[in-house]
Every structure is written in C-alpha cells, then in structure tokens.
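The values are calculated or read from the model by the stated rules, or taken from the named source; none is laboratory data. Given the structure is predicted, the values throughout are model-derived calculations rather than measurements. Please note: Cβ atoms are built from the backbone with ideal geometry, for glycine as well, and neighbour counts cover all protein chains shown. When the accessible area is computed, the model is the full protein with side chains, heavy atoms only, and any ligands, DNA or RNA have been set aside. Shrake-Rupley method; radii C 1.70, N 1.55, O 1.52, S 1.80 Å.
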Amino acid sequence: MNKDEKRIARCACLKILYANSSSGNLFSDVLGNFFNENKDSEDFLSEEQIKYATLLFDLTVSNENSLDDLIKSKLQNWKIERVALMDKMILRMSLAEMLYVNSVPPKVSISEGVEIAKEFSTEDSSSFVNGILDAVYNEKKDSL
C-alpha cells in the first residue's frame, strides 16, 4: 500500500471511529455505510485498506483508556473532556498507530495525524495534535 492509500485507510478509520462514538457499532457494521464496493467510486477501499483501517480501529478502541491517559498526561491547563471529539479521535488513532504498529515510523504517525487534523478538524487542531503527539513521542522515543 502506498502512502496515499494508507492515508485513505486512516481517514476511513477516523470516520468509522466517529460513527462508533455515537452508535457503538463495530467497524464491520459501519463500513458498508461509508464505503462502496464499486471500484469506480471515490469511496472505494481495497481489501488492504480495509484491513489496515480495521487494525487501526481495533487498536484505538481496545486501548482507548490508556491512550486517553497518555493524552491527559500531556494536556496543560486543560481537561480531556474539553478536547474536541474529532481531535481526541485523531490523537487516539495516531497514538495507537505510533505505539502499536511497528511497521510505521512514529514520525509518520505524527505527520499523518497533523495532516488529518487539517482536513477533518478546526484551524488550530493541527498544531494542537502535533504538540500532543510530539510530547508523547519525545517521552517514549527510546522505547519506540
């Protein structure tokens, strides 16, 4: 999978995480609502992209509490409850990739999180996401 295809898989995961946050539905239950099996559609995902998006989703959801603890530890004068939902999901997903997907360099996870925040969140979100992800990376870089 090239970097553009992987970005699409990350964005798919984020959309499904967002849907999951309000419905509680599993990845497979939501997948068909967002993405088309028609290869001519712009919303088409390959099997490899679905597999990667599923991996990210599972890692993010199953490690949500520990990921939130990491985020909380880097927030200064801010409570996690005040962090925008989309920013929280981007942070969780990026941290899950950074910490649990050994085939992706941590700096790539950070860069992708920042770029996805530019696309899906507010004007200030990319710098916020970058700051939190960099802080976690700098704390944990010896173990990554």
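For Glu48, the solvent-accessible surface computed with a 1.4 Å probe is close to 100 Å², ligands and nucleic acids excluded.
For the chain, with all protein chains present and a 1.4 Å probe, just round the carbon and sulfur fraction of the accessible area to a whole percent. Intermediate values should be presented prior to the final figure.
Working: 3630 of 8160 Å².
Taking all protein chains in place, the chain shows 45 percent carbon and sulfur surface.
Around the amide H of Phe44, modelled in the peptide plane, lie the amide H atoms of Asn36, all under 5 Å away and 5 or more residues distant in sequence or on another chain. Excluding ligands, DNA and RNA, the accessible surface per residue across the chain is 57 Å² with a 1.4 Å probe.
Could you rank the peptides 7-19, 65-77, 110-122 by their average count of other C-beta atoms within 10 Å per residue, with the highest value first? Could you put the intermediate results ahead of the total?
Numbers: 7-19: 21.6, 65-77: 13.6, 110-122: 18.7.
My ranking of the peptides, most packed first, is 7-19, 110-122, 65-77.
Given only helices, namely DSSP H runs of n ≥ 4 each adding -39500 (n - 2.57), what is the per-residue ellipticity at 222 nm of the chain, to the nearest 500 deg cm²/dmol? Dividing the helical sum by the residues of the chain leaves -23500 deg cm²/dmol.
Fully extending the segment from Ser62 to Val104, taken as 0.36 nm per residue of separation minus the present Cα-Cα distance, adds 13.2 nm.
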